[in-house]
Amino acid sequence: MNTEKLQQTSSNKPHYVALDGLRGVAAIVILVYHYMEMIYPDDYTLNSMAHGFLAVDFFFCLSGFVIGYAYDGRVAKIGIKSFFINRLIRLHPLVIVGSLIGLIGYIFNPFIDDPLASGWGFIILAFVFSVFLLPFPYVDYRGGGLFPYNTPAWSLFYEYIANIIYALVLVRIKRKYLIAICFLSAVWLVYCAYSAGWLIGGWEIRSIGDGFARVAFSFSAGLLVYRYNLIIKHKLGFILPCLLLLAVFFYPHFHNDWITESILVVVVFPIILSIGAGAKTAGVTERMCDFIGRLSYPLYMTHITTVWIFGDYYYKYQPSGMKLVLIVAVLSIINLFFAYTIMRWVDTPVRKWLTNKRKKG
């Protein structure tokens, strides 16, 4: 999940504030979707946010655009080492914070019969791996997740790989070769979707290959949108791309839905990205897009612990009706406020401190 700010940095750089807003909307959808996923774990046709998991593919697509916007033509000037340090400063502090929150939530989860069943050795080792953003799918109660303490970190793992390939290869290749990579990645993505019946894979050990296909296509597609300036300008502002994005997430899910999901990722998301980049924002809308864009990454990297605890609670006590709605609503609001706290008092000051220390060093 890329979090580079899409603000104007010079008189020649355009504003893409609407893309910040779309990232924020997708992060909020992911938050609610994960709670819904715990309520309907076996039948996604009952989930009103049935395609919320495709938000990750939109994040990857947005990342390709943003990285191209921020670093095309700049990596050669600042050097690959500086590029990697910039990315680590921007992303890794919350990788560590999310791992710590997840470890605490896992050990003290009151709704797991034996949270220490994996043994202290595996529990501590999983935390160490998580801090360094390395997969360790060997902890009980987490379904083989690559990052058992902070499950959404799986997309950051692929994001890091995409950033490495960008800096070493994609930043310097011609556009025609990028088209070839994008096309072959699309074929790979569709094949993975066909084989699995849908495009939810990548977060756990059994479908790790699907994650590579998802990031390969969407990141390269976003980069293509930027390099070819495939921006659809319009006068409808943020509302148009926002509604289109929400329509994808709320689109009903069907069993063996691989064709629909392939179309949504391969065709619809790049179009929404193009429309979002062409949207003009001002006033309250612009400030809102900026705020939820900044909130998106802290929210994405801190919310899953409450989701896992809620899932174990739901499995044990089966609440329903208004009680269930109220629980999910309250937990969602708590997560939003907590994410703001992390953004304001941890993420922003830590990144500022690291940046200043690097400049002085």
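Residues that are without any contact (Cβ under 8 Å) to a residue 60 or more places away in the chain and open to solvent by 20 Å² or more (accessible area, probe 1.4 Å) within the range 204-222 comprise 209, 210, 212, 216, listed in sequence order.
One line per residue, one yes/no per condition, for (1) touching a helix residue (DSSP H, G or I) at 6+ places or on another chain (Cβ under 8 Å); (2) open to solvent by 10 Å² or more (accessible area, probe 1.4 Å); (3) among the hydrophobic types (A, V, I, L, M, F, W, C); (4) within 24 Å of residue 313 (Cα to Cα):
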| position | (1), (2), (3), (4) |
| --- | --- |
| 36 | yes, yes, yes, yes |
| 45 | no, yes, no, yes |
| 48 | yes, yes, no, yes |
| 52 | yes, no, no, yes |
| 62 | yes, no, yes, no |
| 66 | yes, no, yes, no |
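Within the range 223-249, the set of residues being in contact (Cβ under 8 Å) with a residue 40 or more places away in the chain, surrounded by fewer than 16 Cβ atoms within 10 Å (Cβ to Cβ) and within 22 Å of the chain's Cα centre (by Cα) comprises 246 only.
Taking the criterion of being closer than 27 Å to residue 46 by Cα and touching a residue at least 12 places away in the same chain (Cβ under 8 Å), the residues of the range 260-283 that qualify are 261, 262, 264, 265, 266, 268, 269, 272. Answer yes or no: is there a residue in the range 112-122 that is open to solvent by 60 Å² or more (accessible area, probe 1.4 Å), among the aromatic types (Phe, Trp, Tyr) and modelled with pLDDT of 95 or more. Yes, the range 112-122 contains at least one residue that is open to solvent by 60 Å² or more (accessible area, probe 1.4 Å), among the aromatic types (Phe, Trp, Tyr) and modelled with pLDDT of 95 or more.
Could we say that residue 128 is of a type in the set (Val, Ile, Thr), in contact (Cβ under 8 Å) with a residue 40 or more places away in the chain and in a helix (DSSP H, G or I) here? No. Restricting the range 79-111 to residues that are open to solvent by 30 Å² or more (accessible area, probe 1.4 Å) and part of a loop (DSSP other than H, G, I, E, B), which is nearest to residue 130 (Cα to Cα)? In this case the residue turns out to be 108. Taking first residues from the range 5-34 that are closer than 23 Å to residue 89 by Cα and at pLDDT 95 or above and partners that are open to solvent by 10 Å² or more (accessible area, probe 1.4 Å) and of a type in the set (Asp, Glu), the Cβ contacts under 7 Å between residues at least 6 apart in sequence or on separate chains come to 17/286; 17/290; 20/290.
Just one of the listed residues (143, 201) is part of a loop (DSSP other than H, G, I, E, B) and open to solvent by less than 10 Å² (accessible area, probe 1.4 Å), and it is 201.
Table: residues versus (1) modelled with pLDDT of 95 or more; (2) open to solvent by less than 70 Å² (accessible area, probe 1.4 Å); (3) among the acidic types (Asp, Glu).
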residue	(1), (2), (3)
290	yes, yes, yes
303	yes, yes, no
306	yes, yes, no
312	yes, yes, yes
327	yes, yes, no
332	yes, yes, no
337	yes, no, no
345	yes, no, no
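For the range 163-198, the set of residues classified as within 22 Å of residue 71 (Cβ to Cβ), open to solvent by 20 Å² or more (accessible area, probe 1.4 Å) and in a helix (DSSP H, G or I) consists of 164, 165, 168, 171, 172, 175, 176, 177, 179, 180, 181, listed by residue number.
Which one is nearest to the chain's Cα centre (by Cα) among residues in the range 167-181 that are charged (D, E, K, R) and under 21 Å from residue 79 (Cα atoms)? Filtering the range 167-181 for residues that are charged (D, E, K, R) and under 21 Å from residue 79 (Cα atoms), the one nearest to the chain's Cα centre (by Cα) comes out as 172. Just one of the numbered conditions (1) open to solvent by less than 30 Å² (accessible area, probe 1.4 Å); (2) touching a helix residue (DSSP H, G or I) at 6+ places or on another chain (Cβ under 9 Å); (3) more than 27 Å from residue 296 (Cβ to Cβ); (4) among the small types (Gly, Ala, Ser) is not true of residue 76: (1). The lone criterion from (1) open to solvent by 40 Å² or more (accessible area, probe 1.4 Å); (2) at pLDDT 95 or above; (3) of a type outside the set (Val, Ile, Thr) left unmet by residue 279 is number (1).
The values are calculated or read from the model by the stated rules, or taken from the named source; none is laboratory data. Bear in mind the structure is a predicted one, so any value in this text is a computation, not a measurement. Because the Cβ atoms are built from the backbone with ideal geometry, glycine has one as well, and the counts that use them run over all protein chains shown. The accessibility values were calculated without ligands, DNA or RNA, using every heavy atom of the protein model including side chains. Shrake-Rupley method; radii C 1.70, N 1.55, O 1.52, S 1.80 Å.
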